[in-house]
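Notes to accompany the following structure.
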Ligand code: SF4
Ligand code: SF4
C-alpha cells in the first residue's frame with residue numbers, strides 16, 4: 001500500500017511517502033499558501049519515487065495548514081501525529097517536547113504511542129521558533145547559525161520573556177559590550193526554561209525526545225536538558241516526526 | 001432534534017422585555033442580579049421580579065475598558081460595559097442592582113457601578129462554617145430590610161416560604177431536564193442545553209417557566225433519541241458560559257462530540273440545592289442553601305469536587321473540559337484540583353483559558369481536537 005503524510009507547519013511543510021515499506025521524505029517552505037506547499041510536497045514525493053497520484057491510497061494531513069488542504073482524506077492534530085511518529089522511531093520515549101515556528105508543546109505518551117496528556121503554548125511568541133528568529137535578526141545572524149554561535153561559559157541571562165522587551169534587552173546588552181555568544185546562550189536558556197516549566201507542570205517521564213524545527217538548535221537542546229536534568233534525544237530528522245506520524249496513521253487507517 | 005421545539009425558550013428574552021415594561025408601567029419593582037448567590041426568593045417574596053443581567057457579550061467590553069483594567073475577567077467587563085453604555089434593557093428596568101462580594105474583580109467593579117445605579121452588595125463569607133453562616137444570615141436579613149425600605153413593602157415569613165417552594169420546584173424541573181442527558185446518546189446538544197439554561201434567567205413568571213420546562217421534558221421523552229449524537233461525551237466545567245460566549249461548546253459539537261452536561265453557573269452547579277422547609281426561620285433556611293453553592297470563590301470548595309466526581313459517572317463522561325475566563329484566578333487555580341480528580345478517574349482533562357473574542361478559535365480547536373482524538377471510539 002502507498003500512503004502519504006503531510007505536516008503543513010507555519011514555517012515549512014514536510015512530507016513522507018510510505019510505499020510498501022520503504023520511506024521517502026521531503027520539505028518545502030510553507031510561504032503564504034499552505035495549499036500550494038501541500039501540493040508541492042505531493043509533487044516532489046511522487047516525482048522522486050516515480051509513483052503516480054492514483055496509486056496513493058490515502059493522504060493524511062496535520063499541522064496548522066491542514067484545514068486549508070482539500071486533498072486530505074483525513075486531518076489529524078500535530079499532537080497525535082508527533083506521538084505516533086516518535087513511537088515508531090523511539091518506542092521507549094514517554095515525553096515529547098516540540099518547539100515549532102509559532103508554538104511549543106509537551107506531549108506525554110503511553111506504551112502504544114497513544115497520547116496521555118498534552119500542554120500547548122501558542123499565546124505568545126516567547127518560547128517558540130519565532131522568538132529565536134526575531135532575536136537572531138537583532139544579532140545580525142540567521143536563525144540557523146544561533147546553535148553554533150553560543151558560548152554557555154559566558155552566559156548572559158535574559159530576564160524578559162516578552163519578545164519586544166527581550167529585543168531591547170539584547171540591544172542594551174550588546175551596547176554594554178557583552179559577548180554575542182554569551183547573549184545567545186542566555187536566549188537559549190530562556191527558551192529552555194519556558195518549555196521546561198510547561199513540561200514539569202505536566203510531569204516529565206523519561207525518556208524525553210525533542211522535536212520540531214527548533215530541536216535542530218544544539219543550544220536549545222543543551223538548555224532544555226539542563227533545565228529538566230534529563231538526557232534528551234533529538235531524532236535525526238526531528239522536523240519530520242509529524243509527517244511520519246501522519247503517514248503511519250494513514251497506513252493504519254487510524 | 002426532531003419534534004423538540006426550543007423556540008419558546010429562544011424567544012424568552014425578547015418576550016420578557018415587553019412583559020417587564022408593562023410590569024414597570026403598572027408600578028412593579030425589578031431587581032437586577034448577576035450571580036447564583038442572589039437569593040431570588042427574597043425578591044419574589046416582595047412581589048418584585050429578579051432579572052438576570054448577563055455579561056455574556058463582547059460588545060460592551062471596549063466601553064468598560066475605558067474605566068476597568070484590560071486584564072480583567074471578560075464577564076466582569078461585559079457586565080460593567082452594559083451598565084456604562086446603558087444598552088441592556090434589563091439593566092435599564094432594574095430599580096436597583098444586587099451584587100455579592102464573590103471574587104475580587106466583581107466586588108471592586110460593583111463599587112464603580114454604584115455611580116451608575118444603586119447597587120446593594122451582599123458581603124459573602126468564603127466558607128461554610130458556623131460564624132460564616134451567622135454572617136450570611138445577617139446579610140440576608142439586611143437585604144430583606146433593604147428591599148422592604150426600597151419598595152415600601154413588608155415581606156412576611158409566609159411570603160418567603162411560598163417563594164422558596166416556587167424556586168425549589170423550578171430547580172427540580174431544571175434538574176430533571178438536565179438529567180435526561182445522562183442517557184446515551186444524549187437528548188439535548190450542549191447548545192440546546194445552554195439555550196434553555198440561559199434563557200430561564202430572563203423569565204419573569206416562574207410558574208410559567210416551570211410548566212415550560214415540564215412540557216419540554218415530556219416532548220423530549222416522547223421523541224426518539226438521535227443516534228447522530230453518539231460522539232464523545234464531554235462534561236464542561238469552570239466559569240459561567242452564556243449565549244454569546246458559547247464558542248467552546250460550539251467547537252466541541254462541530255468536531256462531532258457532545259457537551260452532555262455543564263458543571264457551571266449556567267448549568268448544573270446549583271441544581272442539587274434546595275431550601276429545606278424544616279427550619280423555623282426561612283432566612284436561616286435560605287442561608288444554608290446559598291452557602292452550599294460550590295463556586296470557586298469558596299475556600300476550600302470540596303463540594304465542587306464531589307459534584308464533579310458524581311457527574312462524571314452519572315453522565316457517562318468521556319472527557320472533561322475546564323474553561324477559565326482570562327484573569328479569573330479562583331477558577332484558574334482550582335483547575336489544578338479539578339485536573340487531578342479527572343485524571344485520577346482515568347479520563348482526559350483539558351484546561352482552556354480564553355476570553356470572549358474569537359481570536360483564539362484555531363488554537364482552542366487544536367486542543368479540543370487533540371483531546372477528542374484521545375477518546376475516539
Ligand atoms: S461562578 Fe461564582 S461568582 Fe460567578 S456567577 Fe457563579 S457563583 Fe457567582
Ligand atoms: S468568572 Fe471568575 S473572575 Fe469572572 S466573575 Fe466569575 S469568579 Fe469572578
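The values are calculated or read from the model by the stated rules, or taken from the named source; none is laboratory data. These figures come from a predicted structure and were not determined experimentally. Neighbour counts run over all protein chains shown; Cβ positions are idealised from the backbone, glycine included.
Just to verify a result, which residue in region A:84-110, among those that are under 15 Å from the mean Cα position of the chain (by Cα) and in a loop (DSSP other than H, G, I, E, B), is farthest from the other protein chains (Cβ to nearest Cβ)? Step by step, filter region A:84-110, then rank; the result is A:101. Assuming residue A:172 fulfils every condition listed in (1) part of a helix (DSSP H, G or I); (2) in contact (Cβ under 8 Å) with a residue 12 or more places away in the chain apart from one, which condition is it? All conditions are met except number (2). Any residue at all in region B:193-206 that's assigned to a helix (DSSP H, G or I) and over 21 Å from residue B:259 (Cα atoms)? Checked region B:193-206: at least one residue is assigned to a helix (DSSP H, G or I) and over 21 Å from residue B:259 (Cα atoms).
Scanning region A:36-64 for residues that are without any contact (Cβ under 8 Å) to a residue 40 or more places away in the chain and within 24 Å of the chain's Cα centre (by Cα) yields a count of 9. For residue B:280, the criteria (1) out of contact with any helix residue (DSSP H, G or I) (no Cβ under 8 Å at 6 or more places or on another chain); (2) assigned to a loop (DSSP other than H, G, I, E, B); (3) within 15 Å of ligand 1 (Cβ to nearest atom) hold in every case but one, which is (3). The residue that is farthest from the other protein chains (Cβ to nearest Cβ), counting only those in region B:313-366 that are surrounded by fewer than 16 Cβ atoms within 10 Å (Cβ to Cβ) and within 16 Å of ligand 1 (Cβ to nearest atom), is B:329.
If the condition is being buried (at least 21 other Cβ atoms within 10 Å of the Cβ) and assigned to a loop (DSSP other than H, G, I, E, B), then region B:19-35 contributes B:34, B:35. Within region A:68-80, residues that are away from chain B (no Cβ under 11 Å) reach partners that are surrounded by fewer than 17 Cβ atoms within 10 Å (Cβ to Cβ) with beta carbons closer than 7 Å, at six or more positions or on different chains, in the pairs A:68/A:35; A:69/A:35. Among residues of region B:280-295 being surrounded by 15 or more Cβ atoms within 10 Å (Cβ to Cβ) and without any contact (Cβ under 8 Å) to a residue 40 or more places away in the chain, the one that is farthest from ligand 2 (Cβ to nearest atom) is B:289. Given the structure, is residue B:251 modelled with pLDDT of 95 or more, outside any helix (DSSP H, G or I) and either in contact with a helix residue (DSSP H, G or I) (Cβ under 8 Å, 6 or more places away or on another chain) or surrounded by fewer than 20 Cβ atoms within 10 Å (Cβ to Cβ) (or both)? Spelling it out, it is not the case that residue B:251 is modelled with pLDDT of 95 or more, outside any helix (DSSP H, G or I) and either in contact with a helix residue (DSSP H, G or I) (Cβ under 8 Å, 6 or more places away or on another chain) or surrounded by fewer than 20 Cβ atoms within 10 Å (Cβ to Cβ) (or both). Only one entry in A:192, A:219, A:245, A:213 is surrounded by 19 or more Cβ atoms within 10 Å (Cβ to Cβ), within 23 Å of the chain's Cα centre (by Cα) and outside the structural domain of residue A:116 (by TED's automatic domain parsing), namely A:245.
Of the residues B:115, B:65, which is under 21 Å from residue B:356 (Cβ atoms) and modelled with pLDDT of 95 or more? The match here is B:65. Among the residues of this structure, residue A:3 does not count as one that is crowded, with 17+ Cβ neighbours inside 10 Å, within 24 Å of residue A:113 (Cα to Cα) and within 14 Å of chain B (Cβ to nearest Cβ).
Restricting attention to region B:220-248 and to residues that are under 23 Å from residue B:366 (Cβ atoms) and assigned to a helix (DSSP H, G or I), the residue that is nearest to ligand 1 (Cβ to nearest atom) turns out to be B:248. Filtering B:60, B:74 for residues that are closer than 21 Å to residue B:358 by Cβ, within 22 Å of the chain's Cα centre (by Cα), more than 16 Å from ligand 1 (Cβ to nearest atom) and crowded, with 20+ Cβ neighbours inside 10 Å leaves a single hit, B:60. Considering region A:111-134, the residues that are assigned to a loop (DSSP other than H, G, I, E, B) and more than 14 Å from chain B (Cβ to nearest Cβ) include one that is farthest from the chain's Cα centre (by Cα), namely A:111.
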